[in-house]
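Enquirer: Please read through the structure below; I'll follow up with questions.
The values are calculated or read from the model by the stated rules, or taken from the named source; none is laboratory data. All of these numbers come straight from a predicted model, not from anything done at the bench. Methodologically, a virtual Cβ is constructed for each residue, glycine included, from the backbone with ideal geometry; neighbour enumeration extends over all protein chains shown.
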Amino acid sequence: MLHDSAVCLHGVTFSYGGEPVLEDVEFSVAAREAVCIVGPNGGGKTTLVKLILGLLTPQRGEVRVFGQPPRQSRLRIGYMPQHVQHDPQFPVTVMDIVLMGRLGQGGLRGLLGWHDRADRRVAQNTLAQVGMEGFCRHPFAALSGGQRQRVLIARALCCEPDLLLLDEPTSNVDSLVEARLLDLLRELNRRMTILMVSHDLGFVSGLVEKAICVNRRVVVHPTSEMTGAAIRDIYGGEVRMVRHNEFSPFGHAHD
């Protein structure tokens, strides 16, 4: 099972300062499968993501990405964090941000960030995929929250990954952009595995067939079984499910 899956965790336990955050985690994600990670704040979602990225090592158990330890598979993972710390006074452009996704590619040139014409072509293509092709020279700090979100997705795609890991991809994005993002993820899912952390169960239900529910322990549910009772069990209270199947001029707009 460890070698046949895109992502596989077997008996994984992780603690901070002796306080267990994840206990005996066991699940696998098949190649070209789309899966959502859900759960309350403090339930272990971020720790789980860091284990998959190889930023943390479990005290017990085993994590494999494409049959290898995560650090050996990093160049096959495109990651979009929920928040990015940046100095708004630093003169970095959209193209500069997206080209960061090419770091580590192709020996010394990729290690030092000496991007060539091929790297820039890939970056332009990924910006086009997220509808930001006209913003290459724009300062990143001048973008709206939704525009920054799309640029960070483009950066994650710029390494041409086999696994796309997205942390809250719909935060700060309006309904129209959500619909376009869902279409993009469906297209990408034909050639790569997608893991998303999201509280927007209405959005992800249009893409994924199962949810990895994290609250110290992990339970995997088909999305068809994500009833109100199941959600209350996961979050310990009521959570609103919001669907964004249709764009409404009266919907939220943060872009």
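Enquirer: Give Pro69, Pro58 a once-over and let me know the one that is farther than 16 Å from Leu163 by Cα and over 17 Å from the mean Cα position of the chain (by Cα). It would help to see each step written out before you state the result.
Expert: Numbers: Pro69 fails: farther than 16 Å from Leu163 by Cα.
On inspection, the qualifying residue turns out to be Pro58.
Enquirer: Which residue, of Gly104, Gly134, is in contact with a Gly (Cβ under 6 Å, 6 or more places away or on another chain) and surrounded by fewer than 16 Cβ atoms within 10 Å (Cβ to Cβ)?
Expert: On the way: Gly134 fails: in contact with a Gly (Cβ under 6 Å, 6 or more places away or on another chain).
Unique residue meeting the criteria: Gly104.
Enquirer: Which of the residues belonging to region 120-131 are surrounded by fewer than 18 Cβ atoms within 10 Å (Cβ to Cβ) and touching a residue at least 40 places away in the same chain (Cβ under 8 Å)?
Expert: The answer is Gln129, Gly131.
Enquirer: Looking at (1) more than 21 Å from Phe66 (Cβ to Cβ); (2) part of a loop (DSSP other than H, G, I, E, B); (3) at pLDDT 80 or above, find the lone condition where Ser171 falls short.
Expert: Failed condition: (3).
Enquirer: Let me ask something else. With the condition being closer than 27 Å to Leu201 by Cα and touching an Asp or Glu at 6+ places or on another chain (Cβ under 9 Å), I'd like the helices (runs of 4 or more DSSP H) fully within region 20-131 carrying at least 2 qualifying residues.
Expert: Counting at least 2 such residues, we get 45-53, 117-129.
Enquirer: Please determine whether any residue of region 41-62 is surrounded by 13 or more Cβ atoms within 10 Å (Cβ to Cβ) and either more than 30 Å from Gly11 (Cβ to Cβ) or of a type in the set (Phe, Trp, Tyr) (or both).
Expert: For region 41-62, residues surrounded by 13 or more Cβ atoms within 10 Å (Cβ to Cβ) and either more than 30 Å from Gly11 (Cβ to Cβ) or of a type in the set (Phe, Trp, Tyr) (or both): absent.
Enquirer: Out of all the residues in region 142-150, is one or more at pLDDT below 80, out of contact with any strand residue (DSSP E or B) (no Cβ under 8 Å at 6 or more places or on another chain) and surrounded by fewer than 16 Cβ atoms within 10 Å (Cβ to Cβ)?
Expert: Looking through region 142-150, at least one residue is at pLDDT below 80, out of contact with any strand residue (DSSP E or B) (no Cβ under 8 Å at 6 or more places or on another chain) and surrounded by fewer than 16 Cβ atoms within 10 Å (Cβ to Cβ).
Enquirer: Can I ask one more? Return the only residue of Val84, Val35, Val92 being β-branched (Val, Ile, Thr) and buried (at least 18 other Cβ atoms within 10 Å of the Cβ). Please lay out each step first, then the result.
Expert: Working: Val84 fails: buried (at least 18 other Cβ atoms within 10 Å of the Cβ); Val92 fails: buried (at least 18 other Cβ atoms within 10 Å of the Cβ).
Of Val84, Val35, Val92, the one residue that is β-branched (Val, Ile, Thr) and buried (at least 18 other Cβ atoms within 10 Å of the Cβ) is Val35.
Residues are listed down the side, and each one gets a yes or a no for (1) without any contact (Cβ under 8 Å) to a residue 40 or more places away in the chain; (2) under 17 Å from Gln149 (Cβ atoms); (3) of a type in the set (Val, Ile, Thr):
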site	(1), (2), (3)
Gly43	no, no, no
Thr47	yes, no, yes
Ile52	no, no, yes
Ile77	no, no, yes
